[in-house]
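Just below is one structure, and these are the notes that go with it.
The values are calculated or read from the model by the stated rules, or taken from the named source; none is laboratory data. Note that the coordinates shown come from a computational prediction; the quantities given were computed from them, not determined experimentally. Cβ placement follows ideal geometry from the backbone for every residue including glycine, while neighbour counts extend to all protein chains displayed. What goes into the accessible areas is simple: the full protein's heavy atoms, side chains included, and nothing from ligands, DNA or RNA. Shrake-Rupley method; radii C 1.70, N 1.55, O 1.52, S 1.80 Å.
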Amino acid sequence: MKTLIRGGYLIPLQNGSAHIVSDGGLVIEGDRIAACGSRAALGEHAATADRIIEAAGHAILPGFVNTHTHLAGALTKAITEDVPTYGGPFRIALGMHENVIRKQDVLLPGMVHGVEMLKTGTTTINECWWHQPQSARIIERVGLRGVVAAEIREVDSSTIGFGRLERNWDERLVQEGLDEAQDLFENWQGRAGGRITCRVAPDGPDRLRPETLGMLGDLARKHGVGLHAHLCSVPGEAEFMQAMWGKRSVPLLRELGLLSEKFIGAHCVFMDDDDIAIMAETGACMSHTAYLVGKRGYYPPMDRIYPSGMGVSLGTDWLSNDMFQVMRSAIVIPRALFRDVGIRGAADVLRMATIDGARCLGLDHDIGSLVEGKKANVILVDLRKSWLQPLRTENLVANLVYNANGGDVTHVFVDGELLVEDGRLTRFDEQALFAEAQAVAEDVWGRAKYLFEREGMV
C-alpha cells in the first residue's frame with residue numbers, strides 16, 4: 001500500500017529542528033516513510049499512489065511518544081482528581097486496583113484509554129502496571145506501538161500511605177509480577193509485526209527491597225531490555241528510603257546498577273540536586289507527567305532538571321491522555337512556579353513529546369521524526385479551527401502547542417496503517433466499545449463503593 005499525503009504544513013522534526021515545509025507532505029510505503037518534503041518534490045509519486053490524502057489546512061507531525069502510561073487507569077478516570085482528603089486519591093485508586101479490579105476488568109476500559117491516546121495523536125506508549133498481558137492485547141487490538149512491562153511490587157501499594165515507614169513485604173506479589181514478565185517475554189516480545197516490545201518495571205524503590213530491585217536489574221540485562229519505574233514520585237518516599245536503607249532512591253538505584261540510558265523514571269518530583277546529577281551522569285531519562293502531577297498539587301524541580309542535561313520526555317500516566325495538555329502543562333506550570341518565561345517553549349516540548357521520547361526509549365532510529373526510512377507513525381492536525389485561526393506559518397509550532405487539542409487530530413498512522421481517518425477509528429466501532437466498557441466500569445465502581453464512602457465521596 002502506497003499513500004501520498006500532500007499540501008499540508010509538514011513539521012518533520014528532523015534532527016529536532018522545528019522547521020516547517022509549508023506545502024509539504026510525505027509518502028508511505030508499507031510500514032515506512034518512503035519520501036518526505038515539498039509537494040513539488042513528491043509530485044512523481046501521485047501517479048503510483050494507491051491513496052492520496054489532501055492535507056491542506058492540516059499540520060503533518062510525527063506521532064506522539066508517551067513514555068509513561070497505565071491503560072488500566074481508565075477505571076479511575078475523573079474519580080481521584082478532586083478527592084478532598086490527604087492521600088485520598090491514592091487510597092481510592094490503589095485500593096481499587098489492588099483489591100477490586102480483576103484481570104478480566106481491564107481489557108475493555110483499557111481499550112478505551114488506548115483509543116483516547118490514539119485519537120489524540122499518540123502512536124507509541126511506554127506502558128506498565130499489573131495484568132500486563134491484557135495491556136499487550138489492548139495495544140495489539142487498538143493498533144498502537146507499545147513497550148510493555150509487568151510492574152513488579154513487593155507490597156500492597158494501597159497500604160503504604162504518605163509518610164508511612166512500615167512495609168509488609170510479600171514475596172507472593174513479586175512472584176506474580178515475575179510470572180507476568182515471563183509471559184510477556186515469551187508470548188509478546190516482537191509481536192504485532194514488531195509493534196510490541198517489552199521492558200522490566202520495578203514499581204518503585206519504596207515498594208521493593210534492594211535485593212529484589214537488584215534481581216530485576218539482572219532480569220532486564222538478561223533479556224537485553226530497559227527498565228521503567230516510578231521514581232521520587234510521592235510524598236514520603238525519600239524519608240522512607242533514608243530511614244529504611246540509609247540513602248535516597250536515586251543513589252540506591254545507581255549502587256544497584258539500575259541506572260543507565262535504558263532507564264526511564266516516571267514523575268521525578270521529589271528530587272534533590274544529587275539525584276538530578278546522578279540521573280544526568282548515568283544517562284537515565286525522566287518521564288515528565290506534567291499535567292498529572294500538577295493535578296496532585298506538587299511538581300518536579302524543572303528549573304534544576306533542565307540545566308542538568310538529564311534526558312526529559314513526556315508522559316500522561318493515566319486518567320487524561322491528551323499529549324497537547326501535557327505539552328502545555330510542561331510550559332505554563334514551571335513558568336508560574338519558577339517565574340521564568342524562558343524555561344521551556346513550544347518547540348522544546350514538541351521535541352519532548354516526539355523525538356526526545358523516542359530517544360529515551362532507545363527507538364529514535366525508528367520513530368519520533370518524519371524521515372525517510374523511519375516507521376510511518378504520522379498524525380494530521382486540522383488547523384481550520386477558530387482557536388487556531390488566523391494562522392501565521394512562522395508561529396505554527398507555538399499555535400499548535402498552546403491552542404490545539406487532541407480532538408483536532410484527524411488522521412493517525414501507526415507503522416503505515418491508517419487507524420484514524422477523518423476522526424473515526426478504522427478497526428472497530430468506538431461507540432460499541434464505550435457501551436461495553438461502561439458496563440464493566442459500573443460493576444467495578446459498585447464493588448468499590450466502600451472506598452468512596454471511606455473518603456466521603458458517596
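Given a Förster distance of 30 Å, report the FRET efficiency between Arg51 and Asn15 from their Cβ-Cβ distance, rounded to the nearest 0.05. So, using R0 = 30 Å, E works out to roughly 0.55. Taking 4.7 Å between C-beta atoms as the pairing limit, the chain has these partnerless cysteines: Cys36, Cys128, Cys198, Cys232, Cys268. Amide H to amide H distances under 5 Å link Leu314 with Thr67, His288, Gly357, where only residues 5 or more positions off or on other chains count and H is placed in the peptide plane.
Computed with every protein chain present, the accessible area of His58 is close to 10 Å² [probe 1.4 Å].
If DNA, RNA and ligands are ignored and the probe is 1.4 Å, what is the ranking of Tyr291, Tyr298 by accessible area, most exposed first? The partial results should precede the final answer.
Numbers: Tyr291 70, Tyr298 35 Å².
The most accessible residue leads, giving Tyr291, Tyr298.
Lys2 sits with roughly 30 Å² accessible to a 1.4 Å probe, with DNA, RNA and ligands left out of the calculation. Estimated at the nearest 10 Å², the accessible area of Ser22 is 60 Å² with a 1.4 Å probe.
Restrict the search to region 382-424; then list the trypsin sites (Lys or Arg not before Pro) that DSSP places in a loop and that have at most 16 other Cβ atoms within 10 Å of their Cβ.
Working: sites: Arg384, Lys385, Arg392, Arg424; in loops: Arg384, Lys385, Arg392.
In loop regions of region 382-424 (DSSP not H, G, I, E or B), the sparsely surrounded trypsin sites (Lys or Arg not before Pro) are Arg384, Lys385, Arg392.
Counting lysine pairs in the chain that sit 8 or more residues apart in sequence, or on different chains, and whose Cα atoms lie under 22 Å apart gives 13. Over all alpha-carbon pairs of the chain, lay out the pair-distance distribution in 10 Å bins, whole %, shortest bin first. Spelled out per bin, shortest first, that is 4, 21, 32, 26, 13, 3, 0.
Can you classify region 305-457 as rounded, prolate or oblate using the Cα gyration tensor, where a ≥ b ≥ c are the square roots of its eigenvalues, rounded means a/c under 1.5, and otherwise it's prolate if a/b beats b/c and oblate if not? Oblate is the answer for region 305-457, as a/c is 1.5 or above yet b/c matches or exceeds a/b.
Each other residue within a Cβ distance under 14 Å of Arg384 adds +1 if Lys or Arg and -1 if Asp or Glu, for a net charge of -3.
Quick one: longest stretch of the chain between exposed loop GluC sites (Glu not before Pro), exposed meaning at most 16 other C-beta atoms within 10 Å and loop per DSSP? Excluding the exposed sites themselves, the longest stretch runs over 262-371. Using the Cβ of Lys449 as centre and a radius below 12 Å, the other residues enclosed give a net charge of -2, where K and R count +1 and D and E count -1. Using the Cβ of Gly416 as centre and a radius below 10 Å, the other residues enclosed give a net charge of -1, where K and R count +1 and D and E count -1. Computed on protein heavy atoms with a 1.4 Å probe, the accessible areas place Met117, Met244 in the order Met244, Met117, largest first. Amide H contacts of Lys2: Asp50, Arg51, each under 5 Å away and 5 or more positions distant or on a separate chain (H built 1.01 Å from N in the peptide plane; Pro and chain starts excluded).
Centroid-to-centroid, using Cα positions, region 71-98 and region 271-339 are 21 Å apart.
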